[in-house]
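Where a number appears in this text, it was derived from the coordinates with a stated rule and is not lab data. Quantities reported herein were computed from a predicted structural model and do not represent experimental measurements. For neighbour counting, all protein chains shown are included, and Cβ atoms are generated from backbone atoms with ideal geometry for every residue, glycine included.
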Amino acid sequence: MGKMTYEPSVFGVRDPPCGICHEEMDFKIFENYNGTGTDWLQWCCKNLDCGSCFNVEIL
C-alpha cells in the first residue's frame with residue numbers, strides 16, 4: 001500500500017496550545033506505526049526552543 005494522504009479540512013479543529021510555552025502546536029498522523037496496527041496523532045510545539053510534544057492513540 002502506498003503512502004496515505006489525508007484532507008486537513010476533515011480535522012477542522014484548532015490545535016491545542018502548548019502546555020509549556022502556550023505557542024501554537026502542529027500535528028502529524030502516524031498510521032500502522034512500525035507495522036503494529038497502532039494509529040496515533042502527535043502534537044509538537046512549533047517553538048523549536050520549547051520542544052514539547054504529546055501523543056494521542058486513535059482507538
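For region 46-59, just list the computed ³J(HN,Hα) in residue order, Karplus coefficients 6.51, -1.76 and 1.60, θ = phi - 60°, integers in Hz, with x standing in for Gly and Pro.
For region 46-59, the Karplus curve yields 6, 7, 4, 6, 7, x, 5, 9, 8, 10, 9, 6, 8, 9 Hz.
Could you list which residues have their amide H under 5 Å from that of M25, counting only those 5 or more apart in sequence or on another chain, with H placed in the peptide plane?
Here the answer is C18, K46, since their amide H atoms fall under 5 Å of that of M25.
By average Cβ neighbour count within 10 Å, what is the ranking of 28-38, 42-52 from highest down?
Ranking, from highest mean packing down: 42-52, 28-38.
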